[in-house]
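*Asks:* Here's a structure for you.
The values are calculated or read from the model by the stated rules, or taken from the named source; none is laboratory data. These numbers were taken from a predicted model, which means no experiment stands behind them. Neighbour counts run over all protein chains shown; Cβ positions are idealised from the backbone, glycine included.
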Amino acid sequence: MSADMRPTKITLPAEVEEELDRFEENIKALRAGQMDPNEFKKFRLNNGVYGIRGETNLHMIRIKCKYGELNSDQLETLAELAEKFTRLKVGHVTTRQAVQVHHVHLDNVPTVLRMLNDCGLTTREACGNTVRNVTATPYAGLLPDEAFDVQPYAEAIFNHYLRNPICQNFPRKFKIAFHGGSAQDIAYTAIHDIGFVAAKRVVNGKEEKGFRVYVGGGLGATPALAIRLEEFTPVADFFPTADAIVHIFDRHGDRKDKFHARLKFVVKKFGEEAFRKMVFEERMAVRATRAGGWKWVLPEEKPQEPPLLTDQFSVNRKAEPDFELWRQTNVMAQKQKGFSLAIVVLKLGDIFVPQMRDLARIARNYTGGRMRTMVQQNILLPWIKNEHLAALHAELKAVGLGTAGALRLSDITRCPGSDTCQIAVTKSRGLASAIGELFINGLAADMDMKDLHIKISGCTNSCGQHHIGNIGFFGTYRKVNGHEVPHYQLLIGGDIREGFAKFGQAIAAIPAKRTPDVVKHLITLYKIEKQGEERFVETMDRLGKARLKEEVEPFRLLPPFEEAPELYYEWEEHSEFKAKVGQGECAA
């Protein structure tokens, strides 16, 4: 174990101790009929405990990794609680850099929450109408073309809003993301309620730090592109700007209609210019009054330092035959000379208990225990000495974590789907697994294709971010030959970068069992029709919606049920599909 990652005993703040005690007391009151179930639901949601499809006493717990930060001790705690208290013994990394564990019995929830808090993690406000997990580019502080390291600011805003009274009963959830200003915005700031992008300018010969601030983005059933608030927001206005936006949302968000309650609808209601004016006026008031009495503490920026390694492990292992491919697709040089970062691909965002323990051990040896979860549902290992890369890859491969193709075609994003989610229509995990099989049989040569991403959601709500997938799918169903059949709505052409999001065009609803065939056909079509260095989305745009509908039409058809009943079934099921959608708790 490295010197900078030895576990330390955390003394929990009084308010955290009180929350943990209150959870136990509220469970007892609920069981005794002394607490209203709806009141308890709101309480548990604000503490990151979410209901599971078809279950009364089993829950999903969502764990916030602030701006993706995680360490080996924390990952080992996740392994322990997943092993002891969950059914599937797996953690799922989400598109908000959080980790979810499923099927935790309500009676065990207080124990799990204490384990998490004792290792420096929290579930507080991971669900409910609150500021959700604050996300950030996992490259923060590491790339040469970033303006500055946004991690201190992400932590500052995370701490500022956690348990802040104004954030406990929003009209709807609220999402914040940070990007360092480098060429690749994989924090997706353009689809957030607030997106902070690091920037610099020179005023009177003096360099000044600040942000390009984007406001009012979001996905869901009605996706919206964030607007640029102003050309440059100095760091001195960092907190006042955020608080002003939060106040306006709290004041004007629709509390009667949850489907129109997000900040994007406030922007739409007032219009861009009127909304900007509201923010600037509110910011002046916030500066003058610091409404709510909450303290602002601008972060102290310090250069990131390499970890202290004991080097008590072998780095002389022979490179695996596929090491060079892994290095090409999963490794980037850091701006700090002699170091690289590497992305550990998690198949479908899942990491099983043995892999958690293995990765914790490996990270201790190679990164001092440091790691970062990613919006793309992977884990990034920073600060790897270049001479250790081959040995690292060999160790990752030995435990099933050495897959190449990070952020490429085969690296599929998906939500948990109807396996656990109450409002999902389809099993997005099953579809993602089936598409993944293509890269073993049929598309092996294409698995590392750049600039082509597949994103899958089990319903319209876009937890799998299907709107910005170059190929996107969301779950639905149709009646075919008298039978209910799971389908996926195919969207083509989604794209995203800083200040820009293009949402995929809806092309056709495809039966679930024919969907991998559609993916294979679209990739083949791209390779045939591609001109020069065209990206997938550019080729698809040129071909046009009418041509694409024509191309996928044959895959919409199913033979009579009697001839091929399996084509009518859901992935990983062997009986007829029946559409079941429960009552979601996201806006409870």
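*Asks:* Which members of region 218-273 meet the condition of being among the charged types (D, E, K, R), within 23 Å of the chain's Cα centre (by Cα) and assigned to a helix (DSSP H, G or I)?
*Replies:* Step one: filter region 218-273 for residues among the charged types (D, E, K, R), giving 228, 230-231, 237, 243, 250-251, 254-258, 262, 264, 268-269, 272-273.
Next, from what is left, pick out any that are within 23 Å of the chain's Cα centre (by Cα): 228, 258, 262, 264.
Correct list: K258, K264.
*Asks:* Follow-up question, since we're still on this one. Here's a check for you: in region 468-504, which residue that is more than 23 Å from L407 (Cα to Cα) and among the β-branched types (V, I, T) is surrounded by the most Cβ atoms within 10 Å (Cβ to Cβ)?
*Replies:* The residue in question is V485.
*Asks:* Between A187, A226, which is crowded, with 24+ Cβ neighbours inside 10 Å, among the hydrophobic types (A, V, I, L, M, F, W, C) and within 19 Å of D250 (Cα to Cα)? Steps first, please.
*Replies:* Values: A187 fails: within 19 Å of D250 (Cα to Cα).
Criteria check complete, one pass: A226.
*Asks:* Can you tell me which residues in region 7-16 are surrounded by fewer than 16 Cβ atoms within 10 Å (Cβ to Cβ), part of a helix (DSSP H, G or I) and either at pLDDT 95 or above or not acidic (D, E) (or both)? Explain how you work it out, then say what you get.
*Replies:* From region 7-16, those surrounded by fewer than 16 Cβ atoms within 10 Å (Cβ to Cβ) are 8-15; that's our starting set.
Going one step further and asking which of them are part of a helix (DSSP H, G or I), we end up with 14-15.
Within region 7-16, A14 is the sole residue that qualifies.
*Asks:* Which condition number in (1) buried (at least 22 other Cβ atoms within 10 Å of the Cβ); (2) not in a loop (DSSP other than H, G, I, E, B) is the one that R201 fails?
*Replies:* Failing condition for R201: (1).
*Asks:* Within region 426-434, can one find any residue that is crowded, with 19+ Cβ neighbours inside 10 Å, among the basic types (K, R), within 27 Å of R62 (Cβ to Cβ) and touching a Leu at 6+ places or on another chain (Cβ under 8 Å)?
*Replies:* Taking region 426-434 and keeping what is crowded, with 19+ Cβ neighbours inside 10 Å, we get 426-432.
Applying the additional criterion that residues be among the basic types (K, R) yields 427, 429.
Adding the requirement that they be within 27 Å of R62 (Cβ to Cβ) leaves 427, 429.
In the following step, the residues that additionally are touching a Leu at 6+ places or on another chain (Cβ under 8 Å) were identified as 429.
Yes, some residue in region 426-434 is crowded, with 19+ Cβ neighbours inside 10 Å, among the basic types (K, R), within 27 Å of R62 (Cβ to Cβ) and touching a Leu at 6+ places or on another chain (Cβ under 8 Å).
*Asks:* Hey, can you tell me all the residues within region 95-104 that are touching a helix residue (DSSP H, G or I) at 6+ places or on another chain (Cβ under 7 Å) and more than 14 Å from M356 (Cβ to Cβ)?
*Replies:* Selection gives Q97, V104.
*Asks:* Looking only at region 556-588, how many residues end up being within 31 Å of the chain's Cα centre (by Cα) and either among the β-branched types (V, I, T) or farther than 20 Å from V425 by Cα (or both)?
*Replies:* Matching residues across region 556-588 total 1.
*Asks:* While we're looking at this one, here's another question. Is there a residue in region 206-217 that is of a type in the set (V, I, T) and in a helix (DSSP H, G or I)?
*Replies:* no
*Asks:* Has region 140-150 got at least one residue that is in a helix (DSSP H, G or I), in contact (Cβ under 8 Å) with a residue 60 or more places away in the chain and either more than 20 Å from D21 (Cβ to Cβ) or out of contact with any Phe, Trp or Tyr (no Cβ under 6 Å at 6 or more places or on another chain) (or both)? Spell out how you get there, then give the answer.
*Replies:* Taking region 140-150 first, the residues in a helix (DSSP H, G or I) are none.
No, the conditions are met nowhere in region 140-150.
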